[in-house]
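The values are calculated or read from the model by the stated rules, or taken from the named source; none is laboratory data. Remember, it's a predicted structure, so these values are computed and weren't measured experimentally. Cβ atoms come from the backbone with ideal geometry, glycine included; neighbour counts cover every protein chain shown.
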Amino acid sequence: MDRDWTRLGKALGDARKAPSVALTQEQMAEAIGVGRSVIQLIEAGNEYKKPTPSMRAYAARVGWAEGSIESVLAGGEPILKGAPAPSAAASVPADTGLPLRIVHELKGKGDLLDTAVIPLGEDASMVVVVKGKPGASLEEIERSLEAWRKAQEQLLEVDYRDGEADAP
């Protein structure tokens, strides 16, 4: 399997410079307990046999979830902590049979934060897609996910039998 170390280095460097992190190479090095030269080597895309502990600490410091390094090396995207892995639904083609409003929302700006299927009795179910605002910080994403968890709990408590939507 080919690994794109240059792509990983650029993605980590871009994440470090992003407004939600905004660290210099020196500050990143200090934050993860390495020398600046280690940060420079990582961002330069030097090839390694496997991801190093320093790379993993770097990725964690910029808010990437476990598995993001491997995803980027393989050509995918990093996953933010607290967010589920990206879904194929984020790139849904218009001819899927879904209402255009749903396709538009799935393709729209903002990160896909979560999805859920909520049963509506024996005969139907509800699909919920939760998206964050474009460019949200890690803290904003965490707040959005917490709000969704509360809403999801309420949705799951509703009794949908016999067409009646009564909360217990």
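Below, the figures for the structure above:
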item	result
Among (1) out of contact with any strand residue (DSSP E or B) (no Cβ under 7 Å at 6 or more places or on another chain); (2) within 28 Å of residue 62 (Cα to Cα); (3) not in a helix (DSSP H, G or I), the one test that residue 116 misses	(1)
Test: residue in the stretch 84-94 that is on the phi < 0 side of the Ramachandran plot, among the aliphatic types (A, V, I, L, M) and at pLDDT 75 or above	no
Selection from the stretch 32-47 of residues that are surrounded by 17 or more Cβ atoms within 10 Å (Cβ to Cβ) and either farther than 21 Å from residue 75 by Cβ or assigned by TED's automatic domain parsing to the domain that holds residue 139 (or both)	32, 34, 38, 39, 41
Residue list for the stretch 14-31, filter: surrounded by fewer than 20 Cβ atoms within 10 Å (Cβ to Cβ), outside any loop (DSSP other than H, G, I, E, B) and within 23 Å of the chain's Cα centre (by Cα)	14, 17, 31
Search result, residues across the stretch 102-144 that are closer than 19 Å to residue 77 by Cβ, touching a helix residue (DSSP H, G or I) at 6+ places or on another chain (Cβ under 8 Å) and of a type in the set (Val, Ile, Thr)	115, 129, 130
Given (1) out of contact with any helix residue (DSSP H, G or I) (no Cβ under 9 Å at 6 or more places or on another chain); (2) in a helix (DSSP H, G or I); (3) modelled with pLDDT of 80 or more, index of the condition residue 56 fails	(1)
